[in-house]
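What follows is a single structure, written as structure tokens, with notes after it.
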Amino acid sequence: MSGSLNKVILVGRLGQDPKLAYTQSGQPVANFTMATDESYTDKDGQKVEKAEWHRVVVWGKQSEFVGNYLTKGRLVMVEGKLQTRKWQDQQGQDRYTTEIVAQRVQAMDSKGQRTEEAPMPDDRHSPEPMAQPSESGMDEVPF
């Protein structure tokens with residue numbers, strides 16, 4: 001299908017320290033959750049705040065940057081694509097997870113008054129299937 005686009009750009013805070021792991025072939029992969037928030041005034045004049053949680057996976061050299069330098073609560077910009085994958089839980093039930101596969105991750109908060117950017121991915125290597133995601137990983141709001 002030509003003319004379609006799968007692109008996501010998010011700015012939010014890490015909900016947990018990234019988890020850096022390596023596939024059996026040695027390729028690095030990092031996983032983390034991030035929250036984006038919005039606030040508005042409802043029809044009764046009450047301020048409403050809402051957080052939306054996102055799962056993010058990062059491959060290659062970027063994942064090592066993310067795993068070694070980013071921590072819970074850091075403000076980051078993530079650019080990538082949406083991907084839904086199927087996996088089986090311990091009871092053999094089919095489960096689905098939608099996540100952002102990041103092509104670019106950049107720290108946005110000031111650490112020495114500058115932003116840090118992860119190295120761009122090496123597109124010669126295609127990602128391998130990830131391990132089964134944790135049950136939730138989204139139980140704490142970082143704000």
Inter-label distance, nm, simple model (7 Å from Cα along the C-beta direction), Lys72/Ser4 = 3.8 nm
Taking all protein chains as present, what is the carbon and sulfur share of the accessible area of region 1-47, in % to the nearest whole number, probe 1.4 Å?
-> 46 percent
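Which length gain, in nm to one decimal place, applies between Glu49 and Val11 when the Cα-Cα distance is subtracted from 0.36 nm times their residue separation? Please report the intermediate quantities before stating the final value.
Working: separation 38, 0.36 × 38 = 13.68 nm, distance 1.64 nm.
Value of the extension gain: 12.0 nm.
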How about region 35-76: which trypsin sites (Lys or Arg not before Pro) there are in a DSSP loop, with at most 12 other Cβ atoms within 10 Å of their Cβ?
-> Lys43
Search the structure for amide H atoms under 5 Å from the amide H of Gln103, placed 1.01 Å from N in the peptide plane, and list their residues when 5 or more places away or on another chain.
-> Glu79, Gly80, Lys81
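How would you classify region 41-104 from its alpha-carbon gyration tensor, with a ≥ b ≥ c the square roots of the eigenvalues: rounded for a/c under 1.5, else prolate if a/b is greater than b/c, otherwise oblate? Walk me through the numbers on the way to the answer.
Details: a/c = 2.47, a/b = 1.26, b/c = 1.96.
Judged from the Cα gyration tensor, region 41-104 comes out oblate (a/c at least 1.5, b/c at or above a/b).
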For Asp17, the residues 5 or more places away or on another chain with a placed amide H closer than 5 Å to its own amide H are Lys72
Per residue, accessible area of region 37-111 with a 1.4 Å probe, heavy atoms of protein chains only, in Å², comes to 61 Å²
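I'd like the carbon and sulfur percentage of the solvent accessible area for region 54-93, probe radius 1.4 Å, heavy atoms only, ligands and nucleic acids excluded. Mind dumping the intermediate values first?
Details: 890 of 2030 Å².
Solvent-exposed carbon and sulfur of region 54-93 make up 44 percent of the total.
The values are calculated or read from the model by the stated rules, or taken from the named source; none is laboratory data. Remember, predicted model here, so these are calculated numbers, not experimental data. We place every Cβ from the backbone using ideal geometry, glycine too, and count neighbours over all the protein chains shown. Areas reflect the complete protein model, heavy atoms only, side chains present, ligands, DNA and RNA absent. Shrake-Rupley method; radii C 1.70, N 1.55, O 1.52, S 1.80 Å.
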